[in-house]
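Engineer: The following block contains the structure, expressed as structure tokens.
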Amino acid sequence: MVNLEFNVEACKSCGFCVKVCPKQVLSIGEHINKKGYRYAQSDNPEECIGCKMCAAMCPDAVIEIWK
Ligand code: SF4
Ligand code: SF4
């Protein structure tokens, strides 16, 4: 299983990670961080293949992935 961790306070809700994920693991959730942005979350982490595309695309280094 791949572990995904989000530094949610750094997320700016751009949605790049959601668009780039080949397995539709991620979405922008309903909760809001301290800066007022709805932040990214993983809906079905069991589908994650650990490709790290989301982390590579994120302009704010929000996502960490390890196995
Ligand atoms: S590592 Fe790849 S499969 Fe996993 S959430 Fe990120 S983009 Fe999707
Ligand atoms: S790419 Fe980064 S900043 Fe943009 S929504 Fe995803 S986690 Fe948030």
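Engineer: Looking only at region 32-50, filter to residues that are among the small types (Gly, Ala, Ser) and under 9 Å from the mean Cα position of the chain (by Cα); which one of those is farthest from ligand 1 (Cβ to nearest atom)?
Structural biologist: Looking at residues that are among the small types (Gly, Ala, Ser) and under 9 Å from the mean Cα position of the chain (by Cα), I get Ala40.
Engineer: Could you please find all residues in region 19-28 being near ligand 1 (Cβ under 9 Å from one of its atoms) and either of a type in the set (A, V, I, L, M, F, W, C) or open to solvent by less than 20 Å² (accessible area, probe 1.4 Å) (or both)?
Structural biologist: Val20, Cys21, Val25, Leu26 - these are the residues of region 19-28 that are near ligand 1 (Cβ under 9 Å from one of its atoms) and either of a type in the set (A, V, I, L, M, F, W, C) or open to solvent by less than 20 Å² (accessible area, probe 1.4 Å) (or both).
Engineer: Sticking with this one: Condition first: closer than 16 Å to Asn44 by Cβ and within 6 Å of ligand 2 (Cβ to nearest atom). Now tell me which residues in region 7-26 satisfy that.
Structural biologist: Of everything in region 7-26, just one residue is closer than 16 Å to Asn44 by Cβ and within 6 Å of ligand 2 (Cβ to nearest atom), namely Cys17.
Here is a yes/no grid of residues against (1) near ligand 1 (Cβ under 10 Å from one of its atoms); (2) polar (S, T, N, Q); (3) open to solvent by less than 40 Å² (accessible area, probe 1.4 Å):
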site	(1), (2), (3)
Glu9	no, no, no
Gly15	no, no, yes
Glu30	no, no, no
Cys58	yes, no, yes
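Engineer: Quick check on my filter: what residues within region 41-52 are open to solvent by 90 Å² or more (accessible area, probe 1.4 Å) and not in a loop (DSSP other than H, G, I, E, B)?
Structural biologist: Residue satisfying the conditions is Glu46 alone.
The values are calculated or read from the model by the stated rules, or taken from the named source; none is laboratory data. All values reported here derive from a predicted model rather than from experimental measurement. Don't worry about glycine lacking a Cβ; one is built from the backbone with ideal geometry, like all the others, and counts go over all protein chains shown. Note: accessible area is taken over every heavy atom of the protein model, side chains too, but ligands, DNA and RNA are not part of it. Shrake-Rupley method; radii C 1.70, N 1.55, O 1.52, S 1.80 Å.
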